[in-house]
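Structure record follows, encoded as structure tokens.
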Amino acid sequence: MQPIDPTDEHFLAAAGALRPDLNRTGSGVAGAPAPDPDAPIRPGSGLTAAAAIELFDAQLTSRHLDLAARWLRGQGFGYYTISSAGHEGNAALAAVLRPTDPALLHYRSGGFYCARAGQVLGQDPIRDILLGLVAAADEPISGGRHKVFGSQPLAIIPQTSTIASHLPRAVGVAFAIERARKLGVSCRWPDDAVTVASFGDASANHSTALGAMNAASWTVHHGLPLPLLLVCEDNGFGISVRTPPDWVEATFRDRHGIRYLSADGCDLAETYDRAVEAADWVRAKRRPAFLHLRMVRLMAHAGSDVETGYRTGTEIAADLARDPLLGTAGLLVRAGMLTPQQVIDRYEAVREQVLAAARRAAMRPRLSSLRRIMEPIAPSHPYDVALAATRQPDRDRRDEVFGDTPPESEGPLTLAQSINRALLEASARHPNLIVFGEDVGRKGGVYGVTRGLQRKLGASRVFDTLLDEQTVLGLALGTAVSGLLPVPEIQYLAYLHNAEDQLRGEAATLAFFSQGQYRNPMVVRIAGYGYQRGFGGHFHNDNAVGVLRDIPGLVIASPSRPDDAAAMLRTCLAAAEVDGRVCVFIEPIALYHARDLYLDGDGGWLAHYPLTGEHVPLGRARTYGDGGDLTIVTFGNGVYLSVRVCRRLAAAGIGCRVVDLRWLAPLPVEDLLREAATTGRVLVVDETRRSGGVSEGVVTALVDGGFTGQVVRVTSEDSFIPLGDAANAVLVSEEAIEKAAMDFVR
Ligand SMILES: Cc1ncc(C[n+]2csc(CCOP(=O)(O)OP(=O)(O)O)c2C)c(N)n1
Ligand SMILES: [Mg+2]
């Protein structure tokens, strides 16, 4: 076969020119004794000749997979051409780790993947990677949904394309290994595992990467263990943008609490030795290290990238001369393990093997059925969820946390109290549950919702994080995929947005891109919505949920009443446990401490704690009243406002019913259509926005469901929330609801 890329051509020419080191024993010269496979590949290195040969094969395989990717693309079969060429030194990283060490990898990890696959029986990395390149339906990790390095048997958690977005999760995974052991609950990874996370030099600048490293430093500073090996694969470029040669070292050499090591990533023996040092240190000390590997990027950024537009020919030639495959071939030839011809023969044999497999892969069926494509997004087993939600909590643990006053015996509770008790109860039902966020520990939350939890459950289960929502969610992602059941808190809805990709891009997609082989069950509690009396302004009254509503598979719970809140929290935790669902639980701040409904002292917004056997099925609404003139459809604060308005409407002779949606996703369509049909008139009361708010979904569901009556909506305005009383001008008011209802019915 003719070489198909300059990298290919260069390797063949340069490998043929390699020469053995005549000063070394067994130097491959005819008649010399055969070299000892257990001897170091180079004096002073811990890498044996035998191991070097194995890693060379992994490197060759990776390279030919990259060449095959270009061939497949050219033939119209392949969809992906970002290569690992120049980064194959990461095979050494796999060699120094265990195949049970969780890995979150850079997209140039072909060498690592092939080397790790060689450590586990029954793996066929050539087939699996090729199936990924052609998006075949039987590709084992994503089933043709995405080209990723991921594998369940190889403990490689697949990554998204968003650079650095896996690093907060990596911190969470490392944290989980130690925390699960401390709590005595089971973990997906062995007790002494090391988490490895790799990324590029340009990615290292991303705030997500820096946030994760900061979180690692913070963790160490607090004396907590964090077995995390960060690996920066520095090829000096982020597509066309240069990273100065000394930037990564200057920036990361002295990170507080993170040990820095570096190596020439094109030299397999040096990479191996430094990686052994780093991995052994992390494993033994349970502290993070940063391994900086200087590499080259061959075959450009991707197949479509013409690098001559931003690099000189001399530079490109200098990188080719540093080809890590050539480096390893040189080690092997110099040690007398292979002759130059044997190197070339081996290279060509792997080419043939990979190309033959590529031809087979190209013929594999692709994903075509919609049902199959979407299957992993929102698994739903309502019966099992109901069982899990209503399962008796461990009695001893429950007694321990509640003492003499179980919540059923407490008398009516506020929303905040009810959620508080539900979290305590959940700790007894789910021994792997952990609660964390900014201020949730000592202070018990800005609004007291988690008050007393840390004292009762201990600081290992209920703890404060540093002030970084990306880290809060990353901890949830990493602990969840490791087997814990995280309940992170985002202090205000407005502050979700700076970390939102961790939910949208990472949490919500994991099951989709791994066919459920990796899941990150969690319940993210978010204090939200407007009408706060104490604390004004937009950011403490943010009412925008559009950004959540369009995330496929995300469960959005929006309790309004105290009893529903506890029961819905049970459901969310059960849906997370049973179906691996990612749930967002939006708590209306303005109702946290509400007690009365119509009159001072009436206690109309308090409720008794639900009995253990009660839960609220996903996507089921609740109706208040049975009036026949008008159906008000609402949620959150809208329930409180609408129920009050209803009483006034009743006095005016208008019979209303108020439907509390309770779930903003999935919407309770069946209940909605039934209640709408009963009156034939629907007034949607939506405290979020007129555009992108919940009401758009409700109206659409009515139309889709064939509702033939009339629909009107009152919503908050498409505005940010101003400070003080001006807020009332943009938020839905009782007056607006009442007027709309009157106009509608009369
Ligand atoms: C958050 C984000 N922004 C932009 C991109 C587009 N992009 C993909 S790779 C890349 C460069 C990454 O460079 P580096 O981290 O050095 O990795 P390398 O490709 O050099 O190995 C960019 C900008 C992305 N994937 N994610
Ligand atoms: Mg780079």
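In the set (1) open to solvent by 10 Å² or more (accessible area, probe 1.4 Å); (2) under 22 Å from L338 (Cα atoms), the condition left unmet by T81 is number (2). With respect to the conditions (1) open to solvent by less than 20 Å² (accessible area, probe 1.4 Å); (2) more than 27 Å from D542 (Cβ to Cβ), R570 falls short on a single one, namely (2). Residues in the stretch 697-746 that are modelled with pLDDT under 95, among the charged types (D, E, K, R) and not in a loop (DSSP other than H, G, I, E, B): D725 only. When the residues of the stretch 304-322 are filtered to those that are touching a residue at least 24 places away in the same chain (Cβ under 8 Å) and either over 22 Å from D264 (Cα atoms) or open to solvent by 60 Å² or more (accessible area, probe 1.4 Å) (or both), the one that is farthest from the chain's Cα centre (by Cα) is A321.
Of all residues in the stretch 638-651, those satisfying the criterion of being surrounded by fewer than 24 Cβ atoms within 10 Å (Cβ to Cβ) and either at pLDDT below 95 or in contact with a strand residue (DSSP E or B) (Cβ under 6 Å, 6 or more places away or on another chain) (or both) are V643, C646, L649. If you go through the stretch 503-519 and keep only what is in contact with a helix residue (DSSP H, G or I) (Cβ under 7 Å, 6 or more places away or on another chain) and open to solvent by 20 Å² or more (accessible area, probe 1.4 Å), you end up with just R519. Within the stretch 361-373, track down each residue that is touching a residue at least 40 places away in the same chain (Cβ under 8 Å), in a helix (DSSP H, G or I) and open to solvent by 20 Å² or more (accessible area, probe 1.4 Å). Result: R372, I373.
Within the stretch 610-637, the set of residues being surrounded by fewer than 24 Cβ atoms within 10 Å (Cβ to Cβ) and small (G, A, S) comprises G613, G619, A621, G625, G627, G628.
So V730 ticks every box in (1) loosely packed, with under 15 Cβ neighbours inside 10 Å; (2) touching an Asp or Glu at 6+ places or on another chain (Cβ under 6 Å) but one. Which box is left unticked? Just one mismatch for V730, condition (1). The set of residues in the stretch 188-215 being β-branched (V, I, T) and near ligand 1 (Cβ under 9 Å from one of its atoms) consists of T208 alone. State all residues of the stretch 629-686 that are of a type in the set (A, V, I, L, M) and without any contact (Cβ under 8 Å) to a residue 12 or more places away in the chain; if no residue qualifies, say none. Within the stretch 629-686, A651 is the sole residue that qualifies. Considering every residue within the stretch 273-294, establish whether at least one is within 16 Å of ligand 2 (Cβ to nearest atom) and either more than 25 Å from the chain's Cα centre (by Cα) or open to solvent by 10 Å² or more (accessible area, probe 1.4 Å) (or both). Yes; the residues of the stretch 273-294 include at least one that is within 16 Å of ligand 2 (Cβ to nearest atom) and either more than 25 Å from the chain's Cα centre (by Cα) or open to solvent by 10 Å² or more (accessible area, probe 1.4 Å) (or both). Filtered by the rule that a residue be of a type in the set (A, V, I, L, M, F, W, C), open to solvent by 20 Å² or more (accessible area, probe 1.4 Å) and closer than 20 Å to E734 by Cα, the stretch 652-698 gives a lone residue, A652.
Looking across the stretch 576-591, the residues that are within 19 Å of the chain's Cα centre (by Cα) and closer than 26 Å to Y640 by Cβ come down to C583, V584, F585. Of all residues in the stretch 382-429, those being surrounded by 15 or more Cβ atoms within 10 Å (Cβ to Cβ) and among the polar types (S, T, N, Q) number 6. Applying the criterion of at least 1 residues that are open to solvent by less than 10 Å² (accessible area, probe 1.4 Å) and of a type in the set (S, T, Y) to the strands (runs of 3 or more DSSP E) found wholly in the stretch 430-502 leaves an empty list. Among residues of the stretch 159-183 that are over 22 Å from G458 (Cα atoms), those with a beta-carbon under 7 Å from a residue that is acidic (D, E) and more than 16 Å from ligand 2 (Cβ to nearest atom) at least six positions away or on a different chain give the pairs T160/E506; T162/D501; S165/D501; S165/E506; R169/E506. Put simply, of E249, E270, E348 the only residue that is in a helix (DSSP H, G or I) and in contact with a His (Cβ under 9 Å, 6 or more places away or on another chain) is E249. From the set of residues in the stretch 216-234 that are surrounded by 24 or more Cβ atoms within 10 Å (Cβ to Cβ) and in a helix (DSSP H, G or I), which is farthest from ligand 1 (Cβ to nearest atom)? This residue is T219. If only residues of the stretch 33-45 that are modelled with pLDDT under 90 and open to solvent by 40 Å² or more (accessible area, probe 1.4 Å) are counted, the one that is nearest to G336 (Cα to Cα) is A34. For R525, indicate whether it is closer than 29 Å to G483 by Cα, open to solvent by 10 Å² or more (accessible area, probe 1.4 Å) and either in contact with a strand residue (DSSP E or B) (Cβ under 8 Å, 6 or more places away or on another chain) or free of Cβ contacts under 8 Å to residues at least 12 places away in the same chain (or both). Answer is no for this residue. Scanning the stretch 235-265 for residues that are within 14 Å of ligand 1 (Cβ to nearest atom) and open to solvent by less than 10 Å² (accessible area, probe 1.4 Å), we see that the one that is farthest from the chain's Cα centre (by Cα) is G265.
The values are calculated or read from the model by the stated rules, or taken from the named source; none is laboratory data. Fair warning: this is a prediction, and the values are worked out from it, not measured in the lab. No Cβ is skipped: glycine too gets one built from the backbone with ideal geometry, and neighbour counts run over all protein chains shown. Only protein heavy atoms, including side chains, enter the accessible area calculation; ligands, DNA and RNA are left aside. Shrake-Rupley method; radii C 1.70, N 1.55, O 1.52, S 1.80 Å.
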